[in-house]
1. Does region 88-97 include one or more residues that are over 14 Å from ARG49 (Cα atoms), surrounded by fewer than 19 Cβ atoms within 10 Å (Cβ to Cβ), modelled with pLDDT of 95 or more and more than 13 Å from the chain's Cα centre (by Cα)?
2. For region 1-36, which positions are of a type in the set (A, V, I, L, M), without any contact (Cβ under 8 Å) to a residue 60 or more places away in the chain and outside any helix (DSSP H, G or I)?
3. Between residues in region 41-52 that are under 13 Å from HIS26 (Cα atoms) and residues that are loosely packed, with under 13 Cβ neighbours inside 10 Å, which pairs lie under 8 Å by C-beta distance while being six or more apart or on different chains?
Amino acid sequence: MPEGISRHAVEVGVFAGLGNLLIFNHFLPPIADIRQAEPMDRDIEKSERTALIVATGWTILVSAFTGKLETFAIAGLALVGADFAFKHANAVYPSTGTVQAPGGADEQPNLSPLPDYTEGTG
């Protein structure tokens, strides 16, 4: 390792990163199950948010014990990666396997239609 990097801080960072992954696995179902559910499921989103809060607290707590940037960086990267994976899985449409709606951009389920402004007012 380079001279400025503490081996102990890296080991603790890896430990904290694994803890973050376990926290997400505790609060959320497997990603394969999330991808089969309808996109933007509110219950999954709430669980993901709870896991994010708990894992952030865990990262800060463990990083405070070492006081080293390496610990925070490794655990933080694991936290960001896990959060991204679960958020992306919650956005996937099961019928297309992507975040693109089955009917294309014209058929977004959460958007309400705009009023017709083509007719004049007078």
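The values are calculated or read from the model by the stated rules, or taken from the named source; none is laboratory data. Since the model is a prediction, treat every value here as computed from it, not as a measurement. Virtual Cβ from ideal backbone geometry, glycine too; neighbours counted across all protein chains shown.
1. no
2. Those that are of a type in the set (A, V, I, L, M), without any contact (Cβ under 8 Å) to a residue 60 or more places away in the chain and outside any helix (DSSP H, G or I): MET1, LEU28.
3. From residues that are under 13 Å from HIS26 (Cα atoms), the pairs are ALA51/HIS26.
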